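Contents: one structure, followed by commentary.
Please treat every number below as a calculation from the coordinates, not as lab data. On a predicted model such as this, the values are computed, not experimentally measured, just so you know. For neighbour counting, all protein chains shown are included, and Cβ atoms are generated from backbone atoms with ideal geometry for every residue, glycine included.
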Amino acid sequence: MGMAEISPPVLVEATRGPEVECRHRGQIAVVDEGGAVRHHLGDPEVPVCLRSLAKPFQALPLITTGAARAFRLGPAELALMSGSLSGQDFQVEMVIEVLARLGLTPAVLQCGSHPPLHRPTAKTLEQSGDKPTPLHHTCAGKHASMLALCVHHGWPVENYLEMEHPVQQLIIKTLGEMVGVDPAAIPVALDGCGAPVFYLPLGKIAQGFARLAAAAPQSPEGELMAACLAHPRHIAGEGRLEAVIMEALPGRVFAKTGAEGGFALALAQEGLGVALKIEDGASRALGPASIEVLKQMGLLTPEAEKALAPWWRPGLRNHRRQEVGQIRPAFALAG
């Protein structure tokens with residue numbers, strides 16, 4: 001039986017009363033920029049769909065091609081374009097402003113629409129009788145970055161989501177270079193927003209984030225990493241796990257989530273990347289698993305541990321608001 005056929009280890013448990021009621025299995029890889037696995041749990045070779053873990057690598061060509069400089073995209077905009085947005089007003093306004101610099105209107109966004117992930121914003125929108133627009137989509141920043149690349153190069157904007165389009169070819173080439181994989185060998189699918197998305201071995205995803213973490217400050221990768229570290233709210237939004245982790249460890253960690261149970265960390269001082277995948281896609285397991293990795297690697301200060309406690313071992317409550325159990329990490333990283 002091959003490694004991929006063996007059940008992954010349990011990463012997170014949900015208790016109810018004295019017993020474990022539910023278990024979330026998954027895999028973790030901690031890798032350096034050269035691809036050496038420093039710690040792991042499960043199989044680092046398991047193929048994982050990056051989903052939004054791809055966003056920093058999709059944004060990187062803005063810097064390498066000169067598009068960021070041409071359109072005056074500073075750290076805040078670069079972070080926004082590397083993030084999964086909550087549809088908060090400040091994020092919507094930034095996307096509108098970036099598109100205006102490109103000479104475009106929001107009508108060009110092809111990401112579709114959904115209610116803002118930020119609940120107060122979604123509630124306000126609903127109460128006003130307004131419908132969500134593509135500007136509220138969690139991938140609006142990423143789509144704006146693709147459009148910036150199109151305008152910078154004189155490429156057509158109408159079909160920017162097609163895999164054959166030069167912007168998507170540039171992105172997959174950039175991703176392949178970051179992780180040392182031939183772009184022709186990277187499986188491609190469609191993301192929730194309609195953009196191409198990619199599969200890589202879990203350890204390769206971690207290596208990509210290690211390349212960001214270990215990059216020289218003046219390099220394109222270092223510039224993107226610094227932008228993301230400086231703007232946690234632009235990477236996600238208020239109260240989102242990535243922002244909470246980054247604010248608890250300022251300047252130390254770039255955290256990024258991906259749909260269906262993916263999560264990655266770029267550890268600035270260590271020059272390491274972490275990637276984890278919850279097998280069943282359960283987002284509730286991401287906080288306990290990712291924060292436990294930081295704990296076991298010795299990165300949690302007492303202040304950070306206190307700030308992150310509600311996400312690390314959250315209590316489970318019933319409909320009468322009684323605490324009936326807990327979601328907790330249940331693993332030890334192997335060397």
Here the relative contact order (percent) of the stretch 6-329, from C-alpha pairs under 8 Å and at least 6 apart, is 24
Determine the relative contact order of the stretch 222-322: mean sequence separation of Cα pairs under 8 Å and six or more apart, normalised by residue count, in whole percent.
18
Cysteines without a disulfide-compatible neighbour (Cβ-Cβ under 4.7 Å), the chain
22, 49, 150, 228
Just subtract the alpha-carbon distance of residue 126 and residue 238 from 0.36 nm times their residue separation and send over the number in nm, one decimal.
38.4 nm
What ranking do 60, 161 get, fewest neighbouring Cβ atoms within 10 angstrom at the top?
161, 60
Can you find, among 167, 12, 127, the residue farthest towards the positive end of the dipole of the chain? Put +1 on the C-beta of Lys and Arg, -1 on that of Asp and Glu.
127
Be a star and scan the stretch 99-138 for residues whose amide nitrogen sits under 18 Å from the point 7 Å along the Cα-to-Cβ vector of residue 70.
99-105
Give me Rg/Rg_expected for the chain, where Rg uses Cα atoms only and Rg_expected = 2.2 N^0.38 Å with N residues.
0.97
Distance between modelled label sites at residue 260 and residue 326, nm, 7 Å Cα→Cβ extension:
3.2
How big is the charge dipole of the stretch 256-335 about its Cα centre, in debye rounded to the nearest 20, if each Lys and Arg gets +1 on its Cβ and each Asp and Glu gets -1 on its Cβ?
380
If you put +1 on each Lys and Arg Cβ and -1 on each Asp and Glu Cβ, how big is the dipole of the stretch 55-195 around its Cα centre, in Debye rounded to 20?
260
Quick one: putting +1 on the C-beta of Lys and Arg, -1 on the C-beta of Asp and Glu, what dipole do you get for the chain around its Cα centre, in Debye to the nearest 20?
700
Using 0.36 nm per residue of separation minus the Cα-Cα distance, give me the extension gain between residue 45 and residue 155 in nm, one decimal.
36.0 nm
Taking a label point 7 Å from the Cα of residue 317 along Cα-to-Cβ, the residues of the stretch 114-136 whose backbone nitrogen sits under 18 Å from it are 119-120
Arrange 39, 137 by Cβ neighbour counts within 10 Å, fewest through most, would you?
39, 137
C-alpha center-to-center spacing [the stretch 270-305, the stretch 117-139] in angstrom:
30
Under 19 Å between C-alpha atoms is the cut-off here; go through the chain and count lysine pairs that meet it, provided they're at least eight residues apart or on different chains.
15
